[in-house]
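Only one structure is covered here, and it is reproduced in the block below.
The values are calculated or read from the model by the stated rules, or taken from the named source; none is laboratory data. Nothing here was measured: the structure is a model prediction, and the numbers come from that model. Glycine gets a Cβ as well: all are built from the backbone with ideal geometry, and neighbour counts include every protein chain shown. SASA here: full protein model, heavy atoms, side chains in, ligands and nucleic acids out. Shrake-Rupley method; radii C 1.70, N 1.55, O 1.52, S 1.80 Å.
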Amino acid sequence: MKINYHSPLRGELSIPGDKSISHRSIMFGALANGTTEVTNFLTGADCLSTIACFHQMGIDITLEEDSRGGHVLVHGKGLHGLHAPSAILDAGNSGTTVRLLSGILAGQSFDSVITGDASIQKRPMRRIITPLLAMGADISSEKGNGCAPLHICGTRLHGAHYDSPVASAQVKSCVLLAGLYADGVTSVTEPAVSRNHSELMLRYFGADLQTGADEASGGFTVSVAPEPTLTGQKIYVPGDISSAAYFIAAALLVPGSELLLKNVGINPTRDGMLRVCQAMGADITLLNEDHSGAEPCADLLVRSSALKAVEIGGGLIPTLIDELPVLAVLAAFADGTTVIRDAAELRVKESDRIAVMTENLTRIGCPVEATPDGMIITGGRPLHGAQIDPHKDHRIAMSFAVAALACAGEMDILDADCVKISYPGFYEDLAALCRE
Ligand code: S3P
């Protein structure tokens, strides 16, 4: 994909549905009694992988697509209604599918194997194997390397407490989902609060969850009671702030831009990007603040702005973890040196995002240093188009499509169609806003 336009972004855009919430609507809908109706479902490849896994376990799910995203009906069969899968479960590129589904599979009365693509088979799964084993699960890594394929023999689980060393919603959600099948209360403490969509949606479906800050450790604890009766619900998925992030960044960078992003999820466990942009001097106004179920959302009015460098670290990191690639692009154009720290998790995402961002920022002429847990980025130099290798990582490809608008010359993004993981219409939407 070659991008050689540099025009301002004008007009408005409805952002496709949130990926994390879309996954959970299928999973929890399948475990509920009755029908769950999902509107503005994200039809990215990751969420389709989740649907395919539940199809294989006997859940009837219909998906229709229109201009407003996916409309899904999940015909749930209750907590104990899944069937043994007809074949190996394939999560594709989706870490959320492997990790959350493993928690569910651990408590079933059947055995299963779950795996995914080459990237998934390199991502760490010990982080879920360890707590599941502590709950009595029978789960192992086929190659003994702590990665997928995972073999899971369903069994009766015990309630347990898990102190997670990482702030990860995928780990937290895996443990909570296993906890639905345990013989007592299950709780998980994480060192900083990660996205809380599972907690909000499980409660909405009728589960009994308690949450609270843990003064002794400074962490956050969630506990869940076993064997709830979950009931199918209507869910309107708000726009994904992680997808909105590319358009926020593009509008900030290209002079003369004024963009209205409609119906974006602004859950405080996900809105760190907005807070960092504002600290960088961004002109972003929240309009029409509302709720979609338990999820807060708003329209975002973004105008081009002169940006200055910031430091990004600590408890903020989990609230913007997926936005760090595009924040690194903003830092490349901001005045001063931006330091990103406490973000070692970036090394185990769809790619090693510290290495891949550093490689590609260097290609466009930006002085950048990789550190074990982040990057030091010197911004404000004139940057130029280059050939970009996103290592098939959707968020890196979209970040450099944004950079293209503010770089001199042409950007050539290899394997550009990897964006279909989370945003199939991304390039079309970007080009359309630049033509308004
Ligand atoms: C996700 C959680 C995050 C995020 C991922 C989606 C989720 O991962 O990076 O894209 O849906 O729970 P971690 O929880 O492992 O940080």
- Task: Subtracting the Cα-Cα distance from 0.36 nm times the residue separation, let me have the gained length for C153 to L133 in nm, one decimal.
- Result: 6.1 nm
- Would you kindly give the portion of the calculated P(r) for region 169-291 that falls above 18 Å, as a percent of all Cα pairs? 62
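How big is D for region 1-160, in µm² s⁻¹ as a whole number, if Stokes-Einstein is applied with the Kirkwood radius of its Cα pairs at 20 °C and 1.002 mPa s?
Answer from the Stokes-Einstein relation: 127 µm²/s.
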- Item | Amide H contacts of E227 (H built 1.01 Å from N, under 5 Å, at least 5 apart or other chain) | Y181, A182
- Message: Please list, short to long, the whole-number percent of alpha-carbon pairs of the chain in consecutive 20 angstrom bins beginning at zero.
- Response: 27, 58, 15, 0
- Mind listing the long-range amide H neighbours of A32? Cut-off is under 5 Å, sequence gap 5 or more, other chains count too, H placed in the peptide plane at 1.01 Å from N. K77, G78
- Note on the structure: Between Q387 and residues 5 or more places away or on another chain, the pairs with built amide H atoms under 5 Å apart involve D412
- Task: Take Q210, project a point 7 Å from its Cα along the Cβ direction, then tell me which residues of region 162-187 have their backbone nitrogen under 15 Å from it.
- Result: 162, 184-187
- Item | Positive-pole candidate from I241, G159, T358, dipole of the chain, charges at beta carbon | T358
- Task: Take the Cα pairs of region 97-143, get the Kirkwood Rh, then feed it into Stokes-Einstein at 25 °C and 0.890 mPa s and tell me D in µm²/s.
- Result: 220
- Task: Take every DSSP beta bridge whose two residues both sit in the chain, then give the antiparallel share in percent to the nearest 5.
- Result: 75
- Note on the structure: Sequence order, region 222-235: Karplus ³J(HN,Hα) from phi using 6.51 cos²θ - 1.76 cosθ + 1.60, θ = phi - 60°, Hz rounded, Gly and Pro as x, gives 10, 10, 9, 8, x, 6, x, 9, 8, 10, x, 9, 9, 10
- For region 184-249 and region 385-425, what is the separation of their C-alpha centers, rounded to whole Å? 31
- Surface share of carbon and sulfur [accessible, 1.4 angstrom probe, percent] for the chain: 51
- Query: Using +1 on the beta carbon of Lys and Arg, -1 on that of Asp and Glu, and nothing else charged, what's the dipole of region 196-340 about the Cα centre, debye to 20?
  - Reply: 280
- HN-Hα J in Hz across region 79-92 - Karplus 6.51, -1.76, 1.60, θ = phi - 60°, x for Gly and Pro: 4, 10, x, 6, 9, 4, x, 6, 7, 4, 6, 10, 8, x
- Query: Excluding A178 itself, what net charge comes from residues whose Cβ is under 14 Å from its Cβ, given Lys and Arg +1 and Asp and Glu -1?
  - Reply: +1
- How long are the semi-axes of the ellipsoid equivalent to region 359-436, from square roots of 5 times the Cα gyration tensor eigenvalues, in whole Å, largest first? 22, 16, 11
- Among DSSP beta bridges whose residues both lie in region 103-200, state the antiparallel percentage, nearest 5. 65
- Summarise the long-distance tail of P(r) for region 113-204 by giving the % of C-alpha pairs beyond 20 Å. 37
- How big is the charge dipole of the chain about its Cα centre, in debye rounded to the nearest 20, if each Lys and Arg gets +1 on its Cβ and each Asp and Glu gets -1 on its Cβ? 380
- Here FRET efficiency (C-beta to C-beta, D60 to D111, R₀ 22 Å, nearest 0.05) is 0.45
- Work out Dmax and Rg for region 249-340 from the C-alpha atoms and quote the Rg first, both in angstrom. 13.1, 41
- Message: Helix-only mean residue ellipticity at 222 nm, the chain, DSSP H runs n ≥ 4 weighted -39,500 (n - 2.57), per residue, nearest 500. What is it?
- Response: -9000 deg cm²/dmol
- Message: Place a point 7 Å from Cα of R341 in the direction of its Cβ. Which residues in region 250-274 have their backbone N less than 18 Å from it?
- Response: none
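Tell me the Kirkwood hydrodynamic radius of region 1-93 in angstroms, computed as one over the mean inverse distance between distinct C-alpha pairs.
Computed over region 1-93, the radius equals 14.6 Å.
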- Segment D183-I88, length gained on full extension (0.36 nm per residue, minus Cα span): 31.4 nm
- Hey, rough spin-label estimate for L260 and A355, points 7 angstrom out along Cα→Cβ, what's it come to in nanometres? 4.5
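Would you mind working out the accessible area per residue for the chain, using a 1.4 Å probe, and quoting it in Å²? Before the final figure, lay out each step's value.
Working: 15090 Å² over 436 residues.
On a per-residue basis, the chain sits at 35 Å².
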- Those lysines that a straight Cα-Cα span of less than 26 Å connects to K143, excepting residues fewer than 8 apart in one chain: K122, K172, K349, K392
- Note on the structure: Taking a crude spin-label model, label points 7 Å out from Cα along the C-beta direction, the A294 to V348 distance in nm is 2.6
